[in-house]
1. So how much accessible area does residue 180 have, in Å² to the nearest 10, using a 1.4 Å probe?
2. Around residue 127, what is the net charge, scoring Lys/Arg as +1 and Asp/Glu as -1 over all other residues with Cβ under 11 Å from its Cβ?
3. Using alpha carbons only, how many angstrom separate the centre of region 54-116 from the centre of region 168-195?
4. Given the Cα-Cα distance of residue 80 and residue 132 and 0.36 nm per residue of separation, how much length would full extension add, in nm?
5. Share of region 21-135's accessible area from carbon and sulfur, percent, 1.4 Å?
6. What are the radius of gyration and Dmax of region 39-198, computed over its Cα atoms and given in Å?
7. Given points 7 Å out from each Cα along the Cα-Cβ axis, report the residue 139 to residue 119 separation in nanometres with one decimal.
Amino acid sequence: MRRLLALGLLVCAMTAVQAEGAVIVTSDKVTFLTSTGATSATGPLPDLGTATPQPVTVGSITFSSPPPSTVVIGVAGHGILDWTTLLPGNDIAINAVENLNMVSAAPVFAMGFDFVEPALGGSTTDTCFVAICTDSTFAVTVKNGSTIIHAFTFNAADDVAAFVGVWSSDAFDRLEIRELNNTIDDEFWGQVYTGDRPLPAVPAPMTLALLGAGLAGLGLMRRCAR
């Protein structure tokens with residue numbers, strides 16, 4: 001039986017206190033990194049270009065996208081210098097529907113990623129690479145192998161450097177991100193951060209308050225489970 005802790009005016013509680021533990025989802029990158037002890041698991045992303053076969057491993061994270069989509073890291077062959085200037089260095093794009101798997105080489109308790117959703121249509125830097133962009137919502141499933149730890153959706157604000165972070169009291173090794181709108185306009189992912197500090201099974205109120213402060217800005221919504 002899952003007990004939900006209400007927080008502010010969110011439709012669903014940000015933290016699910018379950019028999020197996022607790023999970024926090026946040027858009028507050030600074031507090032996430034401080035609270036979890038997470039550091040960059042990928043470092044700056046290399047420019048691997050369109051010809052790199054997947055899965056693609058950078059640092060301790062392996063990226064892949066279910067067919068027919070494939071992962072593109074960097075912009076080699078596209079005639080532009082960067083997908084988006086809102087994130088430092090190279091970025092990850094998907095060449096079809098934006099479905100992305102991020103798998104850690106070892107189980108972690110925290111994983112987060114930088115993210116940008118462009119609103120400007122076009123085919124140059126800082127655009128979504130189609131004429132009209134779609135405001136996309138993504139479903140994220142947090143897993144340890146085949147075991148589901150948590151699930152939620154997010155819809156980031158357009159044209160900002162956004163962040164999505166997950167902190168759990170149970171170890172997990174992957175995020176499976178699925179674009180619910182089934183469109184092919186581009187969104188972009190940056191570095192991935194992981195940490196091995198478990199979330200307390202019953203988080204302190206201050207921890208909830210600090211991490212919850214960034215939630216509304218990103219438009220994160222938990223998928224409530226009963």
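The values are calculated or read from the model by the stated rules, or taken from the named source; none is laboratory data. Quick caveat: nothing in here was measured; it's all calculated off a predicted structure. Neighbour counts are summed over all protein chains in view; Cβ atoms, including those assigned to glycine, are modelled from backbone coordinates with ideal geometry. Just so you know, the surface numbers come from the protein's heavy atoms only, side chains and all, with ligands and any DNA or RNA stripped out. Shrake-Rupley method; radii C 1.70, N 1.55, O 1.52, S 1.80 Å.
1. About 100 Å², ignoring ligands and nucleic acids.
2. Here the count lands on -4.
3. What the calculation gives is 9 Å, centre to centre.
4. Extra length from residue 80 to residue 132 when fully extended: 16.7 nm.
5. Numbers: 2810 of 4490 Å².
Whole-percent figure for carbon plus sulfur exposure: 63.
6. Both quantities, over Cα of region 39-198: 14.7, 44 Å.
7. Distance between label points: 2.7 nm.
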